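Working notes for the structure below.
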Amino acid sequence: SNGNIVQLKGISTHNISIYPEYINEKALKQFVDEYKVSIMRLAMYSAFADDVKGYADSDDEHRKELEDYIVNAVDMCNNLGIYCMVDWHILFDYDPNMHTDMAIRFFKNVCPRLAKYDNVIYEICNEPNMNLETQEKVTWDMVKNYANQVIPVIREIKKDSVIIVGTPIWSQDVDIASESPLEYDNIMYTLHFYAASHTDAIRDKLKKALNNNLPIFVTEFGVGHADGNGTIDEEQTEKWLELLNANKISHIIWNLSNKDETSSIIAANCNKYYDFTDDDLSPCGKYMKSIIGRE
Ligand code: IDC
């Protein structure tokens with residue numbers, strides 16, 4: 001808002017319905033003070049995943065719990081002076097248009113409650129992707145159709161908040177979005193990468209989008225494989241970070257949990273929710289500290 005260039009770096013939760021405990025004041029304070037985090041992302045799955053219902057296929061009680069959780073998390077982040085990203089995390093509901101009504105309901109409920117905060121960034125569809133049975137892909141026009149219905153709902157309450165829109169496929173086609181951006185102010189576009197899976201070809205998409213002046217936010221990245229597991233690819237991660245940091249592109253690492261998979265930053269045998277020592281961090285978590293902490 002002051003014309004300064006800002007690059008945010010932070011951590012994404014895993015599914016907040018499964019791992020809610022990690023968002024607490026003590027943990028957040030450590031992330032800010034020690035890890036130098038300037039943004040937290042709240043991944044609220046919109047639909048069923050990992051045996052747990054999402055917002056759209058849940059009941060009203062759970063929906064209210066999720067809304068309260070998000071408001072509380074934004075408040076905690078605000079008290080610590082950091083940003084908080086509210087992520088409508090579509091995934092197995094691959095087309096955002098599948099749950100437009102529910103997304104509108106969600107944003108209509110939470111935006112008024114968050115209106116007094118200036119640290120909120122809205123991400124309206126994590127990763128548009130494809131019907132795995134028919135291989136039919138969600139197009140950028142389909143995403144725009146959804147965005148054109150949801151953005152006005154947020155705008156009605158918060159005129160100038162940053163709103164981030166996912167891109168096809170699994171938030172990689174920023175080049176396509178850059179050829180036909182949305183017609184609103186303060187919109188950014190999502191690029192996601194998992195370093196062991198996504199390399200030069202996706203970086204080329206990013207470069208093309210940057211050449212077309214598309215504002216990009218890497219709202220999720222992994223240092224391992226796209227399935228959240230696999231080995232850490234430090235060489236490719238460093239190539240990505242070089243590109244992101246040279247262009248001051250904000251980025252958020254996946255994920256804050258102790259799930260037994262490569263992308264979790266907490267070691268699988270650690271059952272703490274705060275006061276983490278370096279031994280409590282997984283290899284990804286240790287790498288995370290160096291990624292976020294570097295100048
Ligand atoms: C993965 C989690 C994994 C979980 C799966 C389904 O790491 O534990 O079982 O989701 O819920 C994404 C998604 C993100 C994925 C992640 C890794 O945004 O939800 O998390 N990933 O597969 N896009 C590319 C990779």
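The values are calculated or read from the model by the stated rules, or taken from the named source; none is laboratory data. Bear in mind the structure is a predicted one, so any value in this text is a computation, not a measurement. All Cβ positions, even for glycine, are placed from backbone atoms using ideal geometry, and neighbour counts span all protein chains on display.
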If you go through segment 22-35, how many residues are outside any loop (DSSP other than H, G, I, E, B) and surrounded by fewer than 14 Cβ atoms within 10 Å (Cβ to Cβ)? 3
Against the conditions (1) at pLDDT below 95; (2) assigned to a helix (DSSP H, G or I), where does Leu243 fall short? Just the number, please. (1)
Tell me which residues, restricted to segment 252-264, are among the β-branched types (Val, Ile, Thr) and out of contact with any strand residue (DSSP E or B) (no Cβ under 6 Å at 6 or more places or on another chain). Thr262
Output for segment 160-184, where each listed residue is of a type in the set (Phe, Trp, Tyr) and either touching a Pro at 6+ places or on another chain (Cβ under 8 Å) or within 13 Å of the ligand (Cβ to nearest atom) (or both): Trp170
Within segment 41-62, take every residue that is part of a loop (DSSP other than H, G, I, E, B) and among the small types (Gly, Ala, Ser) and give me the one that is nearest to His251 (Cα to Cα). Ser46
So which residues in segment 197-226 are crowded, with 20+ Cβ neighbours inside 10 Å and hydroxyl-bearing (Ser, Thr, Tyr)? Thr219
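To keep it simple, each residue is scored yes or no on (1) buried (at least 22 other Cβ atoms within 10 Å of the Cβ); (2) within 16 Å of the ligand (Cβ to nearest atom).
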{"residue": "Asn2", "(1), (2)": "no, no"}
{"residue": "Gln7", "(1), (2)": "no, no"}
{"residue": "Ile11", "(1), (2)": "yes, yes"}
{"residue": "Asn15", "(1), (2)": "no, yes"}
{"residue": "Tyr19", "(1), (2)": "no, yes"}
{"residue": "Val37", "(1), (2)": "yes, no"}
{"residue": "Arg41", "(1), (2)": "yes, yes"}
{"residue": "Met44", "(1), (2)": "yes, yes"}
{"residue": "Ala49", "(1), (2)": "no, yes"}
Selection status of Cys84, in a strand (DSSP E or B), surrounded by 19 or more Cβ atoms within 10 Å (Cβ to Cβ) and either of a type outside the set (Phe, Trp, Tyr) or under 19 Å from the mean Cα position of the chain (by Cα) (or both): yes
Some residue of segment 197-213 being within 11 Å of the ligand (Cβ to nearest atom), in contact (Cβ under 8 Å) with a residue 24 or more places away in the chain and more than 15 Å from the chain's Cα centre (by Cα): yes
What number of residues within segment 233-263 are more than 20 Å from the chain's Cα centre (by Cα) and not acidic (Asp, Glu)? 3
